[in-house]
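The structure under discussion appears below in the form of structure tokens.
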Amino acid sequence: MTQTAVRMRTFVQALNEALDLAMERDPHVYLIGEDIGEMGGDFGVTRGLWAKYGEARVRDTPLSEAAIIGTAVGSAMMGFRPVAEIMFADFLGECYDQLVNNAAKMHYMFDGQFKAPIVVRTACGGGFGGGPHHSQSVEGWFLNVPGLVIVAPSTPADAKGLLLASIENDNPILFLEHKALYRIKGEVPEGYYTTPLRKAAVVREGKDVTIVAAMKMVHEALAAAAELEQEGVSAEVIDLRTIRPYDAETVVGSVRKTGRAVVVNEAPKIGGLASELSALIGEECFYDLKAPVVRVAGLDAPIPFSLALEKIILPDKEKVIEGVRSVMK
Amino acid sequence: MALDIETLVDLYRDMWLIRAFEFGLEREFKKGNVPGMLHTGVGQEATQAALAAHLKATDAFFPDHRCHGINALAEEKHQGDGERIMAELFGRATGVCSGKGGSLHSANPKVGNFGDNAVEGSYMATVLGVALAFQMRGQPNVACCIIGDGTVGRGEFHESLNMAAIWKLPVFYACVNNGYAISTPVGKAHASADIVDLARGYGFPCEQVDGNDIEAAYEAVQKAVEHIRAGQGPYFLEFKTWRWQGIFSGEFRPPEEVRYWKEERDPIKLARQKILERGSLSAADLDRIEAEVKAQIEEWIEFAKASPPPDPAKATADVYVGW
Ligand SMILES: Cc1ncc(C[n+]2csc(CCOP(=O)(O)OP(=O)(O)O)c2C)c(N)n1
Ligand SMILES: [Mg+2]
């Protein structure tokens, strides 16, 4: 392997680099979405690409989410590799049909004759007073959809490597970008590289309890683990990275080792990622468990505007610590 | 302008193929040999034959739920095996999608068939991307979506026509206005019973044609595809027609309306009169064409029935590409 320089970059810069590298490398890659052109996107992820690649490959659209994803899917059927931006994940309902009934099923229902290699990037997650329609964690909406891939990075380096891997991949991919992570900085290798899909990362090793999380919740889990260490609790933290199809092997292997599991997810508990992982662990690790699995998840309510109320709804470091303490009893 | 007699006779034969296909299928459906739901294109043969005649294998079309006939014609014309559409509807291994798609999801990219989507009209959005691909590659091809009058109620109708207009995409909107969406009359569902009125605001050519007159339909489609192939952007064509099938199998429309369309406006009967008026073919000649096509359909049905069900491994195959 060639030695590549590692620089400090924000999550947004890392995503931007990935898009740039993918477009440079493959003329079939193009971008489509609202205000992604000259403006560079609501969060600046596509900044500079319109000037570099032109408006044919960085395509601004009207507020037409179904048409954005429909266009992406149709062109992908023809061999292009579109990367679409849906400004906020909350708007995915507008193109749900295109993703769920069209992109995700196409390869299967047409017996492998078509594929839909699209990447749909979208900003998700709460914690900033965005209110009920700009704060949701939507992975649960798509968890039950065979054929769809859900990728969810937590660090700038993974954001770049996973985005490049997603663009290379032949499946339709929902690429979740948590808004609270956009401005974080981390080490990002220079140049083109991919981070494997369907592979979780053990981001902290421990022996007493396994904490499984994704996106922003990985950071809450790591902060919780650091504090728990002061109490003498050694927590292992797993960053899922691909939410569907997820890396069951890494999760199960870790829980078999530690004997305790806390699963963390920002979305409501019912029918969400935390519930899915909890069921997996119950099924696969029942006889290894020293305590029942605990789900630390969003409360069963929409996300309110007031920061004081939002804090009550969303999981955070304190709630993760509480969860771990309860399985350590 | 009158069509030359060879073309007219070919279209007559294609119209009979569509009708025989649907009648044969309906018979087998009633016997329980065809699973699922069945929507037929009987009554709309002139519209369908005109579309099939002008679409090339290198074009792309998204068929609707009544397009078995177009699918079979495309298969026959470009691959020589229309029976694979029949087998698909029977859910057999020899079908175009190995029986995984059925009536509402038959596709074959080799003949330009990009597949129906049973969420009616979703491909009004998808067609944009196919058209964009043609445009980006500079290919003079047509991306056609076939939509019913009811389907025009989808929000995607606006999103699609608007985006096709601003990007001048090579999209051909073929709107089959057969008067009803299940039980709802077109005039009750839309601000205008003439769908073309709804399309005009987007600023590209929009025409209406008698969808039961094969000559008029053929020429209207020709004009549309020529416009699109010349790089002049989208085109909207509304075919005024009527489907013989009521709600699934029940009839709910006024008896006089049913009589009028079946007796006075039957597209096949009208085409037959036109051909006979030209004088070069006899009634016996036309009867022979009809009998040949019907025999062929029976062979297709036999082929489908004799075909095995899909390999059980297909049940979970191809959920993901490469995984
Ligand atoms: C989005 C969606 N809504 C409803 C249906 C149920 N449905 C199937 S066919 C149909 C009527 C369609 O009417 P039209 O487009 O006029 O086609 P026609 O059957 O008359 O040819 C409806 C409502 C569906 N399949 N998809
Ligand atoms: Mg109708």
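Are any residues in region B:130-151 within 7 Å of ligand 1 (Cβ to nearest atom) and out of contact with any Asp or Glu (no Cβ under 8 Å at 6 or more places or on another chain), and if so, which ones? Hit for region B:130-151 is B:149, nothing else.
Among the residues of region B:211-263, the ones that are open to solvent by 40 Å² or more (accessible area, probe 1.4 Å), over 27 Å from residue B:59 (Cβ atoms), in contact (Cβ under 8 Å) with a residue 24 or more places away in the chain and over 22 Å from the mean Cα position of the chain (by Cα) come to 1 in all. Checked against (1) open to solvent by 40 Å² or more (accessible area, probe 1.4 Å); (2) touching a residue at least 12 places away in the same chain (Cβ under 8 Å); (3) assigned to a helix (DSSP H, G or I), residue B:276 passes all but a single condition, namely (2). Of all residues in region A:209-268, those that are among the basic types (Lys, Arg) and either within 18 Å of residue A:177 (Cα to Cα) or open to solvent by less than 10 Å² (accessible area, probe 1.4 Å) (or both) total 3. Among the residues of region B:91-133, write down those that are among the aliphatic types (A, V, I, L, M) and more than 7 Å from chain A (Cβ to nearest Cβ). Answer for region B:91-133, where residues must be among the aliphatic types (A, V, I, L, M) and more than 7 Å from chain A (Cβ to nearest Cβ): B:93, B:96, B:104, B:111, B:118, B:124, B:131.
Can you find even one residue in region A:97-111 that is open to solvent by less than 30 Å² (accessible area, probe 1.4 Å), more than 23 Å from residue B:89 (Cα to Cα), in contact with a Ser or Thr (Cβ under 7 Å, 6 or more places away or on another chain) and more than 7 Å from chain B (Cβ to nearest Cβ)? No, region A:97-111 contains no residue that is open to solvent by less than 30 Å² (accessible area, probe 1.4 Å), more than 23 Å from residue B:89 (Cα to Cα), in contact with a Ser or Thr (Cβ under 7 Å, 6 or more places away or on another chain) and more than 7 Å from chain B (Cβ to nearest Cβ). Filtering region A:173-185 to residues that are touching a Pro at 6+ places or on another chain (Cβ under 9 Å) and open to solvent by 10 Å² or more (accessible area, probe 1.4 Å) leaves A:184, A:185.
The set of residues in region A:77-93 that are aromatic (Phe, Trp, Tyr) and facing another protein chain (nearest Cβ under 7 Å) contains only A:80. I'd like the full set of residues that are within 18 Å of residue A:239 (Cα to Cα) and open to solvent by 20 Å² or more (accessible area, probe 1.4 Å), limited to region A:281-315. If the condition is that a residue be within 18 Å of residue A:239 (Cα to Cα) and open to solvent by 20 Å² or more (accessible area, probe 1.4 Å), then A:293, A:294, A:295 are the ones that fit. Within region A:125-158, the set of residues being hydrophobic (A, V, I, L, M, F, W, C) and open to solvent by less than 20 Å² (accessible area, probe 1.4 Å) comprises A:138, A:142, A:145, A:148, A:149, A:150, A:151, A:152.
Filtered by the rule that a residue be more than 14 Å from ligand 1 (Cβ to nearest atom) and touching a strand residue (DSSP E or B) at 6+ places or on another chain (Cβ under 9 Å), region B:166-193 gives B:167, B:169, B:170, B:171, B:172. Evaluating residue B:39 against the criteria (1) within 16 Å of ligand 1 (Cβ to nearest atom); (2) under 8 Å from the mean Cα position of the chain (by Cα) leaves one unmet condition, (2).
Any residue in region B:299-319 that is of a type in the set (Ser, Thr, Tyr) and surrounded by 16 or more Cβ atoms within 10 Å (Cβ to Cβ)? Scanning region B:299-319 turns up at least one residue that is of a type in the set (Ser, Thr, Tyr) and surrounded by 16 or more Cβ atoms within 10 Å (Cβ to Cβ).
Taken over region B:109-129, the residue count meeting the criterion of being in contact with a helix residue (DSSP H, G or I) (Cβ under 7 Å, 6 or more places away or on another chain), under 10 Å from residue B:63 (Cβ atoms) and within 14 Å of ligand 1 (Cβ to nearest atom) is 1.
Residue by residue, here is whether (1) at the interface with another protein chain (Cβ under 9 Å from one of its Cβ atoms); (2) touching a strand residue (DSSP E or B) at 6+ places or on another chain (Cβ under 8 Å); (3) within 25 Å of residue A:156 (Cα to Cα) holds:
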{"position": "A:23", "(1), (2), (3)": "no, yes, yes"}
{"position": "A:26", "(1), (2), (3)": "no, yes, yes"}
{"position": "A:30", "(1), (2), (3)": "yes, yes, yes"}
{"position": "A:36", "(1), (2), (3)": "no, yes, yes"}
{"position": "A:47", "(1), (2), (3)": "no, no, yes"}
{"position": "A:50", "(1), (2), (3)": "no, yes, yes"}
{"position": "A:58", "(1), (2), (3)": "no, yes, yes"}
{"position": "A:75", "(1), (2), (3)": "yes, yes, no"}
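Counting the residues of region A:7-45 that are surrounded by fewer than 18 Cβ atoms within 10 Å (Cβ to Cβ) and over 23 Å from the mean Cα position of the chain (by Cα) gives 6.
Taken over region A:189-208, the residue count meeting the criterion of being open to solvent by less than 50 Å² (accessible area, probe 1.4 Å) and either under 18 Å from residue A:316 (Cα atoms) or over 18 Å from the mean Cα position of the chain (by Cα) (or both) is 5. When residue B:269 is tested against (1) open to solvent by less than 10 Å² (accessible area, probe 1.4 Å); (2) more than 15 Å from ligand 1 (Cβ to nearest atom); (3) on the phi < 0 side of the Ramachandran plot, only condition (1) is not met.
Selection of region B:1-33 for residues being among the hydrophobic types (A, V, I, L, M, F, W, C) and under 21 Å from residue B:243 (Cα atoms) yields B:11, B:15, B:16, B:17, B:18, B:20, B:21, B:23, B:25, B:29.
Listed here are the strands (runs of 3 or more DSSP E) enclosed by region B:134-238 that have at least 1 residues being within 14 Å of another protein chain (Cβ to nearest Cβ), within 14 Å of ligand 2 (Cβ to nearest atom) and not small (Gly, Ala, Ser): B:143-148.
The values are calculated or read from the model by the stated rules, or taken from the named source; none is laboratory data. If you're wondering where the values come from, they're calculated on a predicted model, not measured in any experiment. As a convention, Cβ positions derive from the backbone with ideal geometry for all residues, glycine included, and neighbour counts pool all protein chains shown. Just so you know, the surface numbers come from the protein's heavy atoms only, side chains and all, with ligands and any DNA or RNA stripped out. Shrake-Rupley method; radii C 1.70, N 1.55, O 1.52, S 1.80 Å.
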